[in-house]
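Before any comments, here is the structure.
Coordinate-derived values only; no laboratory data. Remember, predicted model here, so these are calculated numbers, not experimental data. No Cβ is skipped: glycine too gets one built from the backbone with ideal geometry, and neighbour counts run over all protein chains shown.
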Amino acid sequence: MNSNYQKGKLKRWNDDKGFGFVSSSGGENDVFIHVSALKRMARRPTVGDIIVYQLHTDNDGRKRAVNAKIEGVPEVESRPVRKNIKKQDKSNWFPKVISIALVVLIGSIVYNKFVTQNKPHEKSTVSAPSFTAEGKSKKNYSCAGKIYCSDMTSCDEAKFYLRNCPGTKMDGDGDGIPCESQWCGW
């Protein structure tokens with residue numbers, strides 16, 4: 001063993017956080033050790049292990065063990081991966097993106113289909129004047145989304161809608177006379 005290496009017993013170890021304290025052979029304060037100082041060990045340390053390490057003092061004057069080994073434990077090329085750490089598989093992002101895109105596409109198709117079926121009829125530019133007995137025009141009608149007799153204000157308006165506007169529901173018996181019980185049946 002090289003003279004700048006020291007030996008001590010591992011007094012405390014927190015395996016979840018990966019650090020602990022080694023009692024120094026010189027009887028000084030305990031020395032901090034991080035799992036990264038034991039990179040090539042075949043296993044993680046346990047309390048009571050004899051640790052061989054180099055002492056390093058950082059800029060703040062704190063001492064820590066570096067280049068450490070567990071006495072009697074062989075070194076390996078790479079330390080085994082902890083079982084409770086899951087590696088994220090980043091290779092499966094493409095199927096997730098495709099799935100999300102399909103959901104959005106189907107949702108937009110369904111939404112557009114629903115909106116166009118339930119959308120009120122838009123105004124048409126067709127208009128027809130109604131005339132009084134003197135032959136003067138009293139009102140201009142235009143398709144404004146009215147489809148039921150309850151939407152009408154006169155028989156003339158109902159007739160205009162039935163003749164000129166799509167989707168009306170004012171001629172239940174199909175005889176060409178709209179709103180017979182409300183406006184045009186007297």
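By other beta-carbon atoms within 10 Å, ranking Asp151, Asp16 with the fewest at the front produces Asp16, Asp151. For the modelled label position 7 Å from the Cα of Glu77 along Cα-to-Cβ, which residues of the stretch 9-52 have backbone nitrogen atoms closer than 16 Å? It comes to 40-42, nothing else. Here the average projected area of the convex hull drawn through the C-alpha atoms of the stretch 5-70 stands at 4.2 nm². Among Asp175, Asp156, Asp60, Asp30, the order by Cβ neighbours within 10 angstrom, fewest to most, reads Asp60, Asp175, Asp30, Asp156.
Per-residue Cβ neighbour counts within 10 Å put Val104, Val22 in the sequence Val104, Val22, beginning with the fewest. Our estimate of slack between Gln54 and Arg40, defined as 0.36 nm per intervening residue step minus the Cα-Cα distance, is 3.5 nm.
Any chance you could run the full-extension gain for Phe114 through Asp16? It's 0.36 nm times the residue separation minus the Cα-Cα distance, nm to one decimal. Answer, rounded to one decimal: 29.8 nm.
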